[in-house]
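Below is one structure, written out as structure tokens, with a few remarks after it.
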Amino acid sequence: MKYIIGTKQHMTQIFNEEGVVFPVTVIKAGPVVVTQVKTEDRDGYKAVQVGFGKKSEKKVSKAVKGHSKGQSFAIIREYELEDGVEVSVGDTIDLSVFEKGQKIRTSSISKGKGFQGVVKRHGFAGGRRSHGNKHSEREPGSIGNGGVQRVFKGTRMGGRMGTDRVTEPHTIVDIIPETGEILVSGSVPGRRGTFVEIKG
């Protein structure tokens, strides 16, 4: 049962034994509290529901507060429960389930970038910058099809970009139990304070 939730702190760089520097992202993770255990007999599938963080009580509905046994979690997630693993409501999961060098996957919400054109959003080349080409360096070009008189669904255009759920592979570079921080290789999408789900 290797999963935990944390918040992205910042990026930094560290050196390995050979003196090679590489970037890492610091995530302050866990502990998460088990709020519900779903079984095959009662719910039709096996899963465990966990809560993380704190939220103002006035922002939590009575239904959610009752489900969480009076606690006001900032985020609640559900994960598959492996065979043979026994957990009960109220148990906590911390960084001890992970180990240095382990391959993991992180999921988080990327930064919002607002309305963007096709060059930034889809990587279009834009128009040529040659003589006589006026105000068309970043235009999408033709978006129609001769004789059809409409634009096809799915045509790539400018629009709202970012705030997507992104899942990426990483490697655990180091774990600091004293501060509850986990260092993962590379960058993790999202701003500082973004909730990050880590699955082993």
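Annotation note: of T25, T35, the sole residue that is in a strand (DSSP E or B) and either of a type in the set (F, W, Y) or out of contact with any helix residue (DSSP H, G or I) (no Cβ under 9 Å at 6 or more places or on another chain) (or both) is T25. Taking the criterion of being of a type in the set (A, V, I, L, M), closer than 26 Å to I176 by Cβ and either out of contact with any strand residue (DSSP E or B) (no Cβ under 6 Å at 6 or more places or on another chain) or in a loop (DSSP other than H, G, I, E, B) (or both), the only residue of region 39-84 that qualifies is A74.
One residue stands out among those in region 156-174 that are surrounded by fewer than 17 Cβ atoms within 10 Å (Cβ to Cβ) and in contact (Cβ under 8 Å) with a residue 60 or more places away in the chain: the one that is farthest from K100 (Cα to Cα), which is T167. Has region 96-108 got any residue that is aromatic (F, W, Y), part of a loop (DSSP other than H, G, I, E, B) and in contact with an Asp or Glu (Cβ under 9 Å, 6 or more places away or on another chain)? So far as region 96-108 goes, no, none of its residues is aromatic (F, W, Y), part of a loop (DSSP other than H, G, I, E, B) and in contact with an Asp or Glu (Cβ under 9 Å, 6 or more places away or on another chain).
Given E139, E99, which one is free of Cβ contacts under 8 Å to residues at least 24 places away in the same chain, out of contact with any helix residue (DSSP H, G or I) (no Cβ under 7 Å at 6 or more places or on another chain) and either of a type in the set (D, E, K, R) or surrounded by 13 or more Cβ atoms within 10 Å (Cβ to Cβ) (or both)? None of the others qualify; the one that does is E139. In region 86-95, the condition of being surrounded by 13 or more Cβ atoms within 10 Å (Cβ to Cβ) and not assigned by TED's automatic domain parsing to the domain that holds G53 is met by no residue. Selection within region 124-182: residues that are among the acidic types (D, E) and part of a loop (DSSP other than H, G, I, E, B). The member of this set that is farthest from the chain's Cα centre (by Cα) is E137.
The values are calculated or read from the model by the stated rules, or taken from the named source; none is laboratory data. Since we're looking at a predicted model, the values are computed, not measured. Note that we place each Cβ from the backbone using ideal geometry, even for glycine, and neighbour counts take in every protein chain shown.
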